[in-house]
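Engineer: Quick one: the structure is below, questions incoming.
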Amino acid sequence: MSDQTPLPADELLDIVDEQDRVVGQAARGESYALGLRHRCVFVLARDAEGRIFVHRRTSGKLIFPSRHDMFVGGVVGAGETYDEAALREAEEELGVRGLPAPAPLFRFLYEGPGGSWWSAVYEVRCDVPVRPQESEVAWHAFLSEEELEERLGEWEWVPDGLEAYRRLRAR
């Protein structure tokens, strides 16, 4: 039915080339199944004390289920800008409204486990209590950078988020 929200696997994505130029469109599930390059956003959310929002993904996620991540975010929908997707995804996953526009930091082409996608990394400050989206987030906490660093070798992390975090730390 056209008035219903599409299921995540049915969400339409722009397919892009190695220079991040749109070359077509495909459903999210098809994009993952065929390894088609698309666009994603990663938003590092910090609370008023500067701690980083860390979470474990739900077991029902299409990609990297039940792994930890230090970013909120997701795919950029067809025709959507990176900036629009960053704000939408941050508010959805954190369960808040009225966040400031996430600050863009850098972009990189992720190529690794799960596929290949252009990745835009952002940072945002979230000063209000979070109510994470239950369909996306199984567990969450705000961790200091030191606490996060301690857990990098202990927990199983999403590989794209881990790469984005390592690139962020190297900057």
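The values are calculated or read from the model by the stated rules, or taken from the named source; none is laboratory data. The model shown is predicted, which means the values in this text are computed figures rather than measured ones. Positions of Cβ are generated from backbone atoms using ideal geometry, with glycine treated the same way; all protein chains shown enter the neighbour counts. Ligands, DNA and RNA are excluded from the accessible area calculation, which covers all protein heavy atoms including side chains. Shrake-Rupley method; radii C 1.70, N 1.55, O 1.52, S 1.80 Å.
Engineer: Please give the helix 82-94 orientation as an angle from the longest Cα principal axis of the chain, in degrees from 0 to 90, rounded to the nearest 10.
Structural biologist: The helix 82-94 is inclined about 60 degrees to the chain.
Engineer: Just to make sure I understand: if all protein chains stay in place, what is the order of HIS68, HIS140 by accessible area at 1.4 Å, largest first?
Structural biologist: On the way: HIS68 25, HIS140 70 Å².
Highest to lowest solvent-accessible surface, that is HIS140, HIS68.
Engineer: If you count only protein heavy atoms and use a 1.4 Å probe, how large is the accessible surface of PHE42, to the nearest 10 Å²?
Structural biologist: 10
Engineer: Where only protein heavy atoms count, and the probe is 1.4 Å, what is the accessible area per residue for the range 67-139 in Å²? The partial results should precede the final answer.
Structural biologist: Working: 3210 Å² over 73 residues.
Heavy-atom accessible area per residue stands at 44 Å².
Engineer: Within 10 Å, count the other beta carbons around each residue, average over each peptide in 47-55, 14-22, and list them highest first. Each step should come with its number before you reach the end.
Structural biologist: Values: 47-55: 16.6, 14-22: 14.1.
The most tightly packed comes first, giving 47-55, 14-22.
Engineer: Hey, another quick one. Would you work out which of LEU87, LEU13, ALA164 lies farthest towards the positive end of the dipole of the chain? Charges go on Cβ: Lys and Arg +1, Asp and Glu -1.
Structural biologist: It is ALA164, whose Cα lies furthest towards the positive end.
Engineer: Still on this structure: Which cross-chain or sequence-distant (5 or more) residues have an amide H under 5 Å from the amide H of ARG37, H modelled 1.01 Å from N in plane?
Structural biologist: Residues meeting the amide H criterion: VAL16.
Engineer: Determine the share of the range 38-171's accessible area contributed by carbon and sulfur atoms, expressed in whole percent, with a 1.4 angstrom probe. Write out the running numbers ahead of the final one.
Structural biologist: Values: 2890 of 6190 Å².
Answer for the range 38-171: carbon and sulfur cover 47 percent of the accessible area.
Engineer: May I pose another question? If you average 1/r over all unlike Cα pairs in the range 54-102 and invert the result, what Kirkwood radius do you get in angstrom?
Structural biologist: Kirkwood radius, the range 54-102: 11.7 Å.
Engineer: May I ask for the Kirkwood hydrodynamic radius of the range 67-171, worked out over all distinct Cα pairs and given in angstroms to one decimal?
Structural biologist: Numbers: mean 1/r = 0.0682 Å⁻¹.
Kirkwood hydrodynamic radius for the range 67-171: 14.7 Å.
Engineer: Under the rule of -39500 (n - 2.57) per DSSP H run of 4 or more residues, summed and divided by the residues of the chain, what mean residue ellipticity at 222 nm is obtained, to the nearest 500 deg cm²/dmol? Please list the in-between numbers first.
Structural biologist: Details: 4 runs with 39 residues, N = 171.
Computed mean residue ellipticity for the chain: -6500 deg cm²/dmol.
Engineer: Provide the per-residue ³J(HN,Hα) series for the range 161-170, in order, calculated from phi with Karplus coefficients 6.51, -1.76, 1.60 and θ = phi - 60°, each as a whole number of Hz, with x at glycine and proline positions.
Structural biologist: Here the 3J(HN,Hα) series is x, 5, 5, 4, 5, 5, 5, 5, 5, 6 Hz.
Engineer: Using alpha carbon coordinates only, what is the Rg to Rh ratio of the range 1-123, with Rh defined as the Kirkwood radius? Kindly include the intermediate steps, with their values, before the conclusion.
Structural biologist: Numbers: Rg = 14.3 Å, Rh = 15.0 Å.
That ratio is 0.95, to two decimals.
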